[in-house]
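What follows is a set of notes on a single structure, which appears directly below.
The values are calculated or read from the model by the stated rules, or taken from the named source; none is laboratory data. All values derive from a computational prediction rather than experimental measurement. Counting neighbours? That spans all protein chains shown, and the Cβs are built from the backbone with ideal geometry, glycine included. To get the accessible areas, we keep the full protein, side chains included, count just its heavy atoms, and leave off ligands, DNA and RNA. Shrake-Rupley method; radii C 1.70, N 1.55, O 1.52, S 1.80 Å.
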Amino acid sequence: MVGPFHDFLILDRDVDGDWELTKFIRNPRAIQLHDDFVRYIADTLAWIPTVNPAQKCSQFGLCMNGPTIIESGGAATSGMVFNAWADLLSIGPQVIALTGGFSWTDNPALDGEYVHLQFDRNEIVLALRQLAIWSSQVRMGNGRLYLYHDGL
């Protein structure tokens, strides 16, 4: 599937540093979730306590166009959100069809239509389960580990 994608990495402050995030942009170890899917689940991601490192402030949810940090305080919530979506999607068909955002069309007979999204169930469930595992590791990491999200 063609991007854009959101990247997620588990990082260790002792090894990777603290807030030196530009070196992790497009890291090959990253778990990628398509932007359309992240926007689809965005209402539930907004429940996760996070940190915006660019503005050095606490917030809820992900920065869609920049970096976000999930620390131990938000890791329990992120793990539950990622696992819940994985559980739900795992009972769906092999090709998950979702309704995306509303978009205007070039057809004068139509004002617009909803975008039709399709994702491979196994790929997205595997990614969500790994994010839940990483969230658990962050929660148990005594502040040393954090989950880094790189928005578009």
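Please report the net charge: other residues with Cβ closer than 15 Å to the Cβ of residue 104, K and R +1, D and E -1.
Working: positive: none; negative: 106, 111, 113.
Net charge around residue 104: -3.
Using just the alpha carbons, could you tell me how many Å³ per residue the convex hull of the chain encloses?
Details: hull volume 18.6 nm³, N = 152.
So the per-residue hull volume is 122 Å³.
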Legend entry - Over the range 39-129, relative contact order from alpha-carbon pairs under 8 Å, at least 6 apart, %: 22
Inset, instruction - Heavy atoms only, probe 1.4 Å: what % of the accessible area of the chain goes to carbon and sulfur, would you let me know? - result: 55
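So, counting K/R as plus one and D/E as minus one, what does the shell of residues with Cβ under 13 Å around residue 119 add up to? Show your work: numbers first, answer last.
Values: positive: 39, 121; negative: 35, 36, 120, 123.
In short, -2.
Rank these by accessible area, largest first, 1.4 Å probe: 40, 148, 114.
Details: 40 90, 148 5, 114 125 Å².
The most accessible residue leads, giving 114, 40, 148.
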Inset, instruction - Please list 56, 23 in order of solvent-accessible area, largest first, computed with a 1.4 Å probe with all protein chains present. - result: 56, 23
